[in-house]
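Undergrad: To start, I am sharing the structure in question, which I have written as structure tokens.
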Amino acid sequence: MRLSFALVAALFPSVASAQVVISEVQPNPNGSDAAEWIEIHNAGATAVSIAGWIVNDFGPSTPREYTFGAGVTLAADEVIIVARQATAFTIMATTEAFPVTTADFELADGADDVTVPNLAVTTAGTGGFALGNSGDGVQLRDDLGAVVSTAEWGSGRTEVPGTPAPGPASGESIVRVANSGDAQLDFIVVVTPTPGTGFVILPNVPPVITVPRRAPFALDPALSFSLTATVVDVDDGVASVVMAFATAGAPTGTPGTSYYDLQANSGAGSDLYSVGAQLPATMVTDFNELYVRVFVRATDAGGTVTTSPPGANSAPSNPSFYWENFLPAGLVTPIATARDQDVSEVPLWDGHSVRVEGVALTTNEAFDNGSTNFFIADTTTIDAIRVFDFSTPTPIAPGDLVRVVGKVGVFRGVRQIGQDERADQMSVFGPEVEVTVIGSATVPVRSLTIAQLLASAETYESQLVEIADVSVTDGTTTWPSDGNVDVSDGTGALVVRSVAATDLPGNGIAPGPFLLRGIFTQFAPGGTGGYQLQPRSAADVVPNNPIVDGGVPDGGNGRDGGIGRDGGAPGMRDGGDPRDGGPPGMRDGGAPRDGGGAPRDGGGGVPRDGGAAARDGGFRDGGPGAVRDGGAEVPRDAGVRVIVGGERESGGCGCTTHEKRGGAPWFALIGVFWLVRRRRPHV
């Protein structure tokens, strides 16, 4: 096997003299977050007035700003500590045995130490000072508003140039070691913070490695793939970079081969290098059979070594590596397999590339304009899943049969296929999901009560469902924009999410019971619970109408689903009420209930038998001809399209249908008996 590696090496100038800088930040102290602190150092040889200078914390929108008072001056080489709360800092610093345990200034964000000067709040922003543990940034600006120094870690912010430094863990801090203007080069994470020390250029700054990127986003063993990385050293330059790799039969445990070092060399006029990697397609028959493990090791001219991920080594037992699975070309994995999860609702195949096929339940930008965000369902089982990526969406519509390639993951409890949600793994160039329309299929819609939904919530997650006899219970009279409405159908309570990206917000809510459709989804920051229904559009809310229909106009002579006329016979009602099957002017009284089956006629007026192997409603909607029923030819009905083994939404009318497999020798007798007893004039 050959693997590829690319690097870009560049040298940045060291710190300028006579400059005030943010030299250390601890956003995640042990204990109370009120002990957060920032260190500022005048690294120059002359005093600098910082009166009117601003320290800000980036909030959700407008940052909150704090200003140094009149007369505040930093002497040459002076270091000060600005704490969120001075008392909390002292308690924490004393416990941790820091070299400095007293703050010079505080933000008085909560408890106030009267012995420590406060910075004045000049812009209130949207909240108090709070440094994000997983990612944030701070700025120091002078009295004219010009940015003097910045620090950034974890996730990036548009207000701060360059790439963030790694995010420190609890009790750690980020310490400035250079002043290039790019946080990933200027700061390193230290296990033991050093408040009061200031900005000191280390004798040998270690090289910095940007997390490797992979291409393509899913590794096909029949194709070559590459890895790229950027390596920089701010003082004495990069001496060597190698990529260590091994193959394995699992993402954890001892690899199948020893790690092998591949030297990265520079080419003429370029710091970017690439060598392809390829495996025979016959070596892999499933998505979870073969994996590659990778880490990067960089050494600078002074002999200092950095690895990415940190702590990696070439021993077979090395616990630190990036991994990817190989996805055989053409392999289609069942949606049910992609949805498999443990008792904590974490996907069993989290981070694995898979290829699945299913029918689209929504448009390609459902609930999230500008991103690939839609839901697909298996055409033969109850399984459904979300597809998500921030890339430009591939146009699709409900009923499109699609093939999707992406990573298995979970976001806020909702299982998905798409972008890689794993932390601390390789990123990817470009889109992380591939969507191809390969045909069309009927759209399944499941008719359930709220009690049934919540009793098997994980089973129905991401499905298109409908609930009859729904009423609002929280007094809301207009659908909100990106807001929630509480509803009940008498069997249970559920949250309905009205999303701004749909045409539902602003519509009035009917006073009486109504039929409600939508994607049964989840918003659970903790990973479990948080179930809700998201209507796809205003058409998913049918006021005062218990009729089951998929919401798609019928292609026949009238309208289907009980709110108009079936395309087979003018004047006839079809679908779920049910009223169909007789001549014009006659009302169909509905199918008798038997054996616990669903009390909704598929269009043919045939009773649903919960135990018999009969075919219910065995007529196909949409045109002439016949459809096979258990081996026998039966006529097509212009209203409802019937499927075997489940419920689907007709491509012509969108109706919900129910059926059982097998022929029905008693079909005609029941039909005659039903017509004799139930025919009566049309009202």
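All of the numbers you see were taken from the coordinates with simple rules; none came from a lab. Note that the structure is predicted; figures quoted are calculated from it, not measured. Backbone-built Cβ (ideal geometry, glycine too); neighbour counts: all protein chains shown.
Undergrad: Count neighbours as other Cβ atoms within 10 Å of each site's Cβ, and list the chymotrypsin sites (Phe, Trp or Tyr not before Pro) in segment 333-397 that are DSSP loop with at most 15 such neighbours.
TA: PHE390
Undergrad: Please compute the net charge surrounding VAL82, taking Lys and Arg as +1 and Asp and Glu as -1 over other residues with Cβ under 10 Å from its Cβ.
TA: Values: positive: ARG84; negative: GLU36, GLU39, ASP104, GLU106.
Around VAL82, the surrounding residues sum to -3.
Undergrad: Also, I was wondering about something else. For ASN118 and LEU144, calculate 0.36 nm times their separation in residues minus their Cα-Cα distance, and state this gained length in nm to one decimal.
TA: Going from the current span to full extension adds 7.3 nm.
Undergrad: Mind jotting down the distance between the C-alpha centroids of segment 129-163 and segment 446-499, whole Å?
TA: 42
Undergrad: Taking the Cβ of LEU290 as the centre, find all other residues whose Cβ is under 13 Å away and add up their charges (Lys, Arg: +1; Asp, Glu: -1).
TA: On the way: positive: ARG293; negative: ASP220, ASP286, GLU289, GLU324.
Residues near LEU290 contribute -3 overall.
Undergrad: Taking the alpha carbon gyration tensor of segment 128-174, what are the square roots of 5 times its eigenvalues, largest first, to the nearest whole Å?
TA: Semi-axis lengths for segment 128-174 are 21, 12, 9 Å.
Undergrad: Let me ask something else about it. Just to be sure I follow: if Rg is taken over the C-alpha atoms of segment 446-538 and Rh is the Kirkwood radius over the same atoms, what is Rg/Rh?
TA: Working: Rg = 12.3 Å, Rh = 13.2 Å.
My calculation puts Rg/Rh at 0.93.
Undergrad: Kirkwood hydrodynamic radius for segment 293-389: how many Å is it when counted over pairs of different Cα atoms?
TA: When all Cα pairs of segment 293-389 are included, the Kirkwood radius is 16.9 Å.
Undergrad: Could you give the length gained on full extension between ALA76 and LEU223, defined as 0.36 nm per residue of separation minus the Cα-Cα distance, in nm?
TA: On the way: separation 147, 0.36 × 147 = 52.92 nm, distance 5.95 nm.
That works out to 47.0 nm of additional length.
Undergrad: Assuming R0 = 22 Å, can you tell me the calculated FRET efficiency for the pair ALA45 and VAL190, based on Cβ-Cβ distance, to the nearest 0.05?
TA: Between ALA45 and VAL190 the formula returns 0.25.
Undergrad: Here is a further query. To the nearest 0.05, how large is the calculated FRET efficiency for ASP368 and ASP286 if R₀ is 41 Å and r is the Cβ-Cβ distance?
TA: Working from the Cβ atoms, E equals 0.80.
Undergrad: Tell me the relative contact order for segment 32-166 as a rounded percent, counting alpha carbon contacts under 8 Å between residues six or more apart.
TA: Contact order relative to length: 26 percent.
Undergrad: Please give the contour-minus-distance gain from SER440 to ASP474: 0.36 nm per residue of separation, less the Cα-Cα distance, rounded to one decimal in nm.
TA: 8.3 nm
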